[in-house]
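Okay, here's the structure, questions in a sec.
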Amino acid sequence: MRMLAAVIAALPLVLGSVLGSVSAAAQTVQPAHGIAMHGKPKYGPDFKHFDYVDPLAPKGGEIRLSALRTFNTFNPYTLRGDAAAGLGRIFESLTARAEDEAFSQYGLLAESITMPEDRSWVAFTLRPEARWHDGKPVTVEDVIWSLTTLRTKGVPFFRFYYRDVVKAEKTGPRSVKFTFKDTTNRELPLILGELPVLPKHFWANRDFEKTILEAPLGSGPYRIKSFEPGRSITYARIKDYWGANLPVNKGQNNADIIRFDYYRDATVALEAFKSGDYDYRLENTSKVWATGYNSPPFRQGLYKTEEIRHQIPTGMQGFVFNTRKEIFKDPLVRQALAYGFDFEWTNKNLFYGQYTRTASYFSNSELASSGLPSAEELKILNKYKGRIPDAVFTKTYRPPATDGSGRLRKNLRQGRKLLKKAGWIIKDGKLVNAKTGKPFAFEILLITPAFERVVLPFKRNLKRLGIEVSVRTVDTAQYRKRTDDYDFDMVVSSFGQSLSPGNEQRDFWGSNAAQRPGSRNWVGIRNPVIDEMIEAVISAPDRQSLITRTRALDRVLLWGHYVIPNWHIRIFRVAYWNKFGRPKITPKYGLGFNGWWIDQAKTRALANKLSSAKSK
């Protein structure tokens, strides 16, 4: 039975032109200030700001940040080029997401949202004050053009993500309505709210599919002030930004200037931070976190390191098999190779014990499967008996483990048994196919040398199984080209998840995505059962059914052995120079850095300390 998910906390607004043009049956539907995936949004129609910001945060100052490698375009929405860091500060969407809720959207460019109980369509009324940086109003034509352009000329993800939108129409001077072909996809109204809205008039005489290094026109709180191609980009806050006082923006976008400097690799970037060349960084390398920040400025308290706990689903990072390759088609082979990865030794010797082994595609959330399937999960899984691995029903999934000593002979024996069962034998010290005599050899493709220290021990372990592994690290452009074209054997990658999984699962695991260049189905999964389970997740009528259906999908993915799980961490590792002010509350599902500000008193004290240190 479908759970009623009515429109949330209606605003006392008159839709006017929207109600004048939609069907009579829809006229009982009231506009709302925000919507939630399930239930009601946390914040009511009269909310003034999010709880995790300080509405009185001072404006001003400069924040200096870092980026790696290079950039050659200001259009982040196409496959061509490497987009500059920070462009999200220029562009806006119809709605904004709260970082302390599972999945709720509140009006940004849109002042109100209207949808029927069955979510077969959604309508947005634009704010009359919404403006592009050139002063022209944001129009319904801009919204419709953006959807059409992103679906036809943007990255393939958009074509896939918005494929169920069958009509986009203007229903009034400031009103746009989207109609869906699939009324079971309850996420569609929310993901339409996330649509990047771009200026039709700016792109009228420009090729959207080409790289561009002309400052783009946007409606957001920042514009590009200056840049050096591939080296730096500086954004300036717009003093008369039209949306500065909206509840979704209050207390955020506080710095006058935000600058990104580019560094050729992570080591150089770290040293630049410790020298004071930029102000803030999120650390993602355990060794650096454990040993890399102990410098004189740190000991003097000039910059700080801090661990901030979060409740964000950590998703799945792992060694990703490309099952389009013949050697990885057999799940027994994929399972066997997992016995060659010694996480416990890696965590102890390389990561300073900072990580937890991942055993779910939805780790660190209530969506993660554990133990044996529940009765509710079995109602879903039993339909697929004989079409999914038997282990789904009888075993608890756990990646192979060791004692951390580096001696994994027992694991390798198990891996060898599985390989033999799959038709691979040892001949002259090498693993070969029993039928063809072809040796087992493949390449691990990397984008950063930092991961080589993890991959090389894995390579050595696989060599003991007779497997020849080559490791190749390439630049960003080559890596992107090869992964877009699925021209790889194995990569290290991650599949980020939210608390409300939905349409993006098609892009991760769907059969259609497996055939589409540029999708995130790097594994190459083409499985009708998984396709059905994805659609069940998307159509979940309430929170509990979403949890149950996601856990069932998780189990089938895990026992498909599509990746060798890596690890995760449940904290942000943050380093920053002592010049920031921060809200008292950190959101559960984000860091809330957009609500930090430059504290002028701290900045002056820091400058004095630096000056004193230099004179000494």
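Values quoted throughout were computed directly from the atomic coordinates according to the rules given, and no laboratory measurement underlies them. These numbers were taken from a predicted model, which means no experiment stands behind them. Using ideal geometry, Cβ is built from the backbone for each residue, glycine included, and neighbour counts are taken over all protein chains shown.
Spin-label point model (7 Å from Cα, Cβ direction): what's the Asn205 to Lys348 distance in nm?
6.8
At a Förster distance of 56 Å, what's the computed FRET efficiency of Asn245 paired with Arg409, Cβ-Cβ distance as r, to 0.05?
The formula returns an efficiency of 0.30 here.
Right, here's the next one. Would you please give the FRET efficiency between Ile585 and Ala441, computed as 1/(1 + (r/R0)^6) with r the Cβ-Cβ distance and R0 = 56 Å, to the nearest 0.05?
The calculated FRET efficiency here is 0.60.
Over the chain, how many percent of alpha carbon pairs lie in each 20 Å bin up to the one with the longest distance?
17, 50, 29, 3, 0
Using only Cα atoms, locate the centre of the stretch 467-530 and the centre of the stretch 67-109, then give the distance between them in Å, rounded to an integer.
21
Please identify which residues in the stretch 502-537 have an amide N closer than 15 Å to a label point set 7 Å out from the Cα of Lys329, following the Cα→Cβ vector.
Of the residues in the stretch 502-537, 524-527 have backbone N under 15 Å from the label point off Lys329.
Whole-Hz Karplus ³J(HN,Hα) for the stretch 324-330, in order, using 6.51 cos²θ - 1.76 cosθ + 1.60 and θ = phi - 60°, x for Gly and Pro?
Result, rounded to whole Hz: 5, 7, 4, 5, 10, 6, 7.
With +1 assigned to the C-beta of every Lys and Arg and -1 to the C-beta of every Asp and Glu, and no other charges, what is the dipole magnitude of the chain about the Cα centre in debye, to the nearest 20?
2020
For Arg231 and Lys463, FRET efficiency with R0 = 41 Å and r from the beta-carbon atoms, rounded to 0.05?
0.50
Another question, then. Asp134 to Glu366: extension gain in nm, 0.36 nm per residue of separation minus the Cα-Cα distance?
That pair, Asp134 and Glu366, stretches by 79.0 nm at full extension.
How about the stretch 120-174: which GluC sites (Glu not before Pro) there are in a DSSP loop, with at most 14 other Cβ atoms within 10 Å of their Cβ?
Sparse-neighbourhood loop GluC sites (Glu not before Pro): Glu129.
Turning to a different aspect of this structure: Sum -39500 (n - 2.57) across every DSSP H segment of at least 4 residues in the chain, then divide by the residue count to get the 222 nm mean residue ellipticity, nearest 500.
The helix contribution divided over the chain gives -7500 deg cm²/dmol.
Shifting gears a bit: If each of Lys379 and Val166 carries a label point 7 Å out from its Cα toward its Cβ, how far apart are those two points in nm?
2.9
What are the equivalent ellipsoid semi-axes of the stretch 123-212, built from the alpha-carbon gyration tensor (square roots of five times its eigenvalues), in whole angstrom, biggest first?
So the equivalent ellipsoid measures 22, 18, 10 Å along its semi-axes.
For the modelled label position 7 Å from the Cα of Glu271 along Cα-to-Cβ, which residues of the stretch 295-310 have backbone nitrogen atoms closer than 20 Å?
Residues 295-299, 303 fall inside that zone.
Dividing the alpha-carbon Rg of the stretch 17-203 by 2.2 N^0.38 Å yields what?
Relative to the rule-of-thumb radius for its length, the stretch 17-203 sits at 1.09.
A follow-up question, please. Want the number for Lys420 to Arg453: 0.36 nm per residue separation, take away the alpha-carbon distance, what's left?
9.0 nm
Fully extended, how many nm does the chain gain between Asp182 and Ala391 (0.36 nm per residue separation, minus their Cα-Cα distance)?
Stretched out fully, the Asp182 to Ala391 stretch lengthens by 71.9 nm.
For the stretch 316-568, compute the orientation-averaged projected area of the C-alpha convex hull (one quarter of its surface), in nm².
13.6
Using a 7 Å offset from the Cα along the Cα-to-Cβ direction at both Ala601 and Thr70, what is the distance between the two label points in nm, to one decimal?
4.6
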